[in-house]
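Peer 1: Structure provided below as structure tokens; questions to follow.
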Protein chains: 2
Amino acid sequence: MLTFDFRNCMEDGVGRDHGLCEQDLNDAQPLLDRALTQLKRWHEDGVAGFLDLPSMNGVIDGISKEALRVRGDFENLVVLGIGGSALGLRCLAGALLHPFHNLLDREARGGLPRLFVCDNVDPDTFISLLDTLDLKKTCFNVISKSGGTTETQAQLALVLERLHVLLGDGWRNNVIVTTDPTAGELRKYVNAEKLKSLSVPSNVGGRFSVLSAVGLFPAACMGIDIFGLREGALLVTKTASSDDITLNAPLRLAATHYLLDHKRGKKISVMFPYCDGLSLFADWYVQLWAESLGKEGKGTTPLKAIGATDQHSQLQLFMEGPNDKVLTFLGVREPRTSRQKMTLKNLPANFNYLNGKTLGDVLHAEQHATADALRQAKRPNLTITLPTLNARSLGSLLMTFEIATAFAGALYDRSPFDQPGVELSKVLTKKILSAS
Amino acid sequence: MLTFDFRNCMEDGVGRDHGLCEQDLNDAQPLLDRALTQLKRWHEDGVAGFLDLPSMNGVIDGISKEALRVRGDFENLVVLGIGGSALGLRCLAGALLHPFHNLLDREARGGLPRLFVCDNVDPDTFISLLDTLDLKKTCFNVISKSGGTTETQAQLALVLERLHVLLGDGWRNNVIVTTDPTAGELRKYVNAEKLKSLSVPSNVGGRFSVLSAVGLFPAACMGIDIFGLREGALLVTKTASSDDITLNAPLRLAATHYLLDHKRGKKISVMFPYCDGLSLFADWYVQLWAESLGKEGKGTTPLKAIGATDQHSQLQLFMEGPNDKVLTFLGVREPRTSRQKMTLKNLPANFNYLNGKTLGDVLHAEQHATADALRQAKRPNLTITLPTLNARSLGSLLMTFEIATAFAGALYDRSPFDQPGVELSKVLTKKILSAS
């Protein structure tokens, strides 16, 4: 289970000007109760479908079966998707695959395909990728909840042109579509061409879809333990109805961020994993937080940092710049294999404090030192610790932040499930392309 | 040459509450003059050595010669460094290598080694990499300006242990050190072991070192045109002494950010390239801006976004969240090869605005649409356009922001060349490791 340490967000840690006191939390209890009621209502009204994903068992068997075919038949899995159709899978793959998976030969990869997540329309990247891969041996998973994503349609058009030439009618074996069960352009296309497809429940938005077929199908193709992900997530959904914030971590996360924004002016939320494998979790969080809460002039700005690397980049600003941030450290207690525990030897005299230590020891020491340095500089921060980085703990972490984000939406008194602000740029894009 | 469009930062674009007016710039002229004088003084005092890097010709021949040896002898180049010792090279490689360089076979790579930049001490990543590579065919470039970087020493200790076993006395061929010309632990080590080494001028700090041996040597090993980088940079240094901001882009960048912070409350600076190849430029910028300016409670917080991807992630917040940001779009006019210009065909009816367009057209349309949508939402933004992404334009871009950052330091009335705030966490790290 995840553990949470909020002490450095409280006045005992960082003082009254920058930390919360028990009174702040007590005063907020009516707000927290309202948030609990709101989330229940959203769930009952069917707009918070992400809460049901860990317990939807019918879907997962179909996913597993189709994934087995892909693992057997293809050298490469290419996912075409953007935003919520890409970030969840990127996070899963970054955390749970070998760090250099695509560079390993097929045997060292355990017979699994290589993975490419294409979430942009930069021609340099996308066309270079198509030129690099053996497309006959490549499965394309096309993901768009709405079926109306310009970028994904543009990618698909280029892919289809090549597959038609290479494979004739056989191209259909190489394409699997993930989209709405009934609506949208991609569903029409699936029906017309009789393509293999998977469904995203209509009431699950892109940024909350990692535990639907959007994230789970390609993850299963890559050998990721999708049952473990769901189990970990389920553990969290069970705790999220308690009105006692000492028992309900997502609610405490939401309350802490909301109160530090409103009462202490902390407008920036830094996600700071001390673990390369959680680097893309931070990107996933940035979308979730920014797109759910940034509305009507409200919301805090999420920011990514990576430890220990960013001690040599952003830490100066975090320590001595404007005191306008709250930082969330993510730590991992145990590395994945004992292989990672080799100790350091024969260091020069100035570095003898490293002798006998593992890299993990160094990383942990830096994480704790940085959290403490920030505390001393009166910069509020909190720490979430994973026992080890695996499917189960990652599932818990994902669901913790999905629920925390929904609670935060309720606290800001605004639905976290829409994104009206992105429409204008889509309209203007169409206008420019239609005119040229 | 780069072109700059500041119109969406001005009141005509985004209104008086969020944009600057000509009067703001005129009133600031004494401040700008002071900044020009200050940069000149820093240069004369020898603390702004980065300004001289593009014209230091002696160094570059040694770099080129040694790089040729590495390209001939090794399959892999692994750089051990963190912060300023890694981010510049990451930026160069991300922009100028094939997007899937490490996956290409040696012939398709043009005989060049694969590149790995190790800027963390996460055991999962680092030990997995050492386990994956054929270390006999791997050259390690160990980079630390001070020679006193804990993370780099820890990495080096693990590498040396393996190289000693594999290569006996021959290990020296596989290690090249880049550090201070005379001072520090690594220089001592170079002298004691008679290792190959390169020097970083003492008056060039890590985050300003990309155009020294720190960035140029490994870049040259990877076949990057280091002369083009320097030429592009040199073009910019020549314009940076003008007191007319319409001629001095770095000064106008600094002034715009400073004034939008002080007079319009824009506390966050978003770097928003519409080009995958400039993704790591944004990371480089984040360090440069954060570590140089985040001091004494001042400085704005830099943030990375990527277009078009982040239209599906952070854009909602940028459009409708707090109006506390200024955004910098980076666009590239022409893709690198005509191969990237294939047109889209056979789109479904709803997407017929895409027919006949290239991916580059789509990306450009999205960039301009997003800038305009932000303008309509009264969010100040500016656009920098590169003619194409190559060594020359990238060199100009890097130097533009180095000088702009130095000017901003002068405007905030604080040296941009130190980082006192990172020391405490280093002290506490040593304490933890020494005690355990």
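Peer 1: Of the residues A:GLU11, A:GLU44, which is acidic (Asp, Glu), over 23 Å from A:LEU327 (Cα atoms), open to solvent by 20 Å² or more (accessible area, probe 1.4 Å) and at pLDDT 95 or above? Step through it out loud before you land on a result.
Peer 2: Details: A:GLU11 fails: over 23 Å from A:LEU327 (Cα atoms).
Sole residue among the options that is acidic (Asp, Glu), over 23 Å from A:LEU327 (Cα atoms), open to solvent by 20 Å² or more (accessible area, probe 1.4 Å) and at pLDDT 95 or above: A:GLU44.
Peer 1: In segment B:315-327, what residues are in contact (Cβ under 8 Å) with a residue 40 or more places away in the chain and in contact with a Pro (Cβ under 9 Å, 6 or more places away or on another chain)? Show your work before the answer.
Peer 2: If we filter segment B:315-327 for residues that are in contact (Cβ under 8 Å) with a residue 40 or more places away in the chain, which is where we start, we get B:315, B:318-320, B:323-327.
Hits for segment B:315-327 are B:MET319, B:GLU320, B:ASN323, B:LYS325, B:VAL326, B:LEU327.
Peer 1: Condition check: under 26 Å from A:ASP418 (Cβ atoms) and out of contact with any Phe, Trp or Tyr (no Cβ under 8 Å at 6 or more places or on another chain). Does A:LYS266 satisfy that? Break it down stepwise before answering.
Peer 2: Working: under 26 Å from A:ASP418 (Cβ atoms): yes; out of contact with any Phe, Trp or Tyr (no Cβ under 8 Å at 6 or more places or on another chain): yes.
When the stated conditions are applied, A:LYS266 passes them.
Peer 1: Tell me which residues, restricted to segment B:294-312, are touching a Phe, Trp or Tyr at 6+ places or on another chain (Cβ under 6 Å) and open to solvent by less than 10 Å² (accessible area, probe 1.4 Å). Step through it out loud before you land on a result.
Peer 2: Going residue by residue through segment B:294-312, those that are touching a Phe, Trp or Tyr at 6+ places or on another chain (Cβ under 6 Å) are B:298, B:302, B:305, B:307.
B:PRO302, B:ALA305, B:GLY307, listed by residue number.
Peer 1: What tally of residues in segment B:164-191 results from selecting those that are within 23 Å of A:LEU363 (Cβ to Cβ) and open to solvent by less than 10 Å² (accessible area, probe 1.4 Å)? Spell out the reasoning first.
Peer 2: Within segment B:164-191, the first condition is being within 23 Å of A:LEU363 (Cβ to Cβ), and the residues that meet it are B:185-186.
Right, trim to open to solvent by less than 10 Å² (accessible area, probe 1.4 Å) and you get B:186.
Qualifying residue count, segment B:164-191: 1.
Results for (1) among the aromatic types (Phe, Trp, Tyr); (2) touching a Gly at 6+ places or on another chain (Cβ under 7 Å); (3) at pLDDT 95 or above, shown as yes or no for each residue.
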residue	(1), (2), (3)
B:LEU394	no, yes, yes
B:LEU398	no, no, yes
B:GLU402	no, no, yes
B:GLY409	no, no, yes
B:TYR412	yes, yes, yes
B:PRO420	no, no, yes
B:GLU423	no, no, yes
B:THR429	no, no, yes
B:ALA435	no, no, no
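Peer 1: Restricting segment A:55-70 to residues that are out of contact with any Cys (no Cβ under 6 Å at 6 or more places or on another chain) and modelled with pLDDT of 90 or more, which is most open to solvent (accessible area, probe 1.4 Å)?
Peer 2: Pass one, segment A:55-70, residues out of contact with any Cys (no Cβ under 6 Å at 6 or more places or on another chain): A:55-66, A:68-69.
Next, only the ones that are modelled with pLDDT of 90 or more stay: A:55, A:63-66, A:68-69.
Details: A:SER55: 66, A:ILE63: 2, A:SER64: 35, A:LYS65: 160, A:GLU66: 33, A:LEU68: 114, A:ARG69: 57 Å².
So the residue we want is A:LYS65.
Peer 1: Name the one entry in A:ALA240, A:ALA254 that is out of contact with any Ser or Thr (no Cβ under 7 Å at 6 or more places or on another chain), surrounded by 19 or more Cβ atoms within 10 Å (Cβ to Cβ) and modelled with pLDDT under 95.
Peer 2: Values: A:ALA254 fails: modelled with pLDDT under 95.
On inspection, the qualifying residue turns out to be A:ALA240.
Peer 1: Let me ask something additional. Among the residues of segment A:122-146, which ones are at the interface with chain B (Cβ under 9 Å from one of its Cβ atoms) and either among the small types (Gly, Ala, Ser) or assigned to a helix (DSSP H, G or I) (or both)?
Peer 2: Result: A:PRO123, A:ASP124, A:THR125, A:PHE126, A:ILE127, A:SER128, A:LEU129, A:ASP131, A:THR132.
Peer 1: Here is a follow-up. Give the residues of segment A:346-358 that are within 7 Å of chain B (Cβ to nearest Cβ) and exposed (fewer than 13 other Cβ atoms within 10 Å of the Cβ), sorted by residue number.
Peer 2: Residues of segment A:346-358 within 7 Å of chain B (Cβ to nearest Cβ): A:346-348, A:350-351, A:353-354, A:357-358.
Hit for segment A:346-358 is A:ASN346, nothing else.
Peer 1: Can you tell me which residue within segment A:359-378, out of those that are within 7 Å of chain B (Cβ to nearest Cβ) and farther than 17 Å from B:VAL427 by Cα, is surrounded by the fewest Cβ atoms within 10 Å (Cβ to Cβ)?
Peer 2: Filtering segment A:359-378 for residues that are within 7 Å of chain B (Cβ to nearest Cβ) and farther than 17 Å from B:VAL427 by Cα, the one surrounded by the fewest Cβ atoms within 10 Å (Cβ to Cβ) comes out as A:GLY360.
Peer 1: What tally of residues in segment A:383-436 results from selecting those that are closer than 19 Å to A:GLY46 by Cα and part of a helix (DSSP H, G or I)?
Peer 2: Taking segment A:383-436 and keeping what is closer than 19 Å to A:GLY46 by Cα, we get A:399, A:402-410, A:413-419.
Narrowing further to those that are part of a helix (DSSP H, G or I): A:399, A:402-410.
Going through segment A:383-436 one residue at a time, the tally reaches 10.
Peer 1: Turning to a different aspect of this structure: Please verify whether segment A:268-284 includes one or more residues that are modelled with pLDDT under 95, within 7 Å of chain B (Cβ to nearest Cβ) and under 25 Å from A:ASP372 (Cα atoms).
Peer 2: Filtering segment A:268-284 for residues modelled with pLDDT under 95 gives none.
No: zero hits.
Peer 1: Answer yes or no: is there a residue in segment B:317-338 that is at the interface with chain A (Cβ under 7 Å from one of its Cβ atoms) and at pLDDT below 95.
Peer 2: Within segment B:317-338, one or more residues are at the interface with chain A (Cβ under 7 Å from one of its Cβ atoms) and at pLDDT below 95.
The values are calculated or read from the model by the stated rules, or taken from the named source; none is laboratory data. Please read all numbers here as calculations on a predicted model, not as lab measurements. As a convention, Cβ positions derive from the backbone with ideal geometry for all residues, glycine included, and neighbour counts pool all protein chains shown. Surface areas here come from the heavy atoms of the whole protein model, side chains and all, with no ligands, DNA or RNA. Shrake-Rupley method; radii C 1.70, N 1.55, O 1.52, S 1.80 Å.
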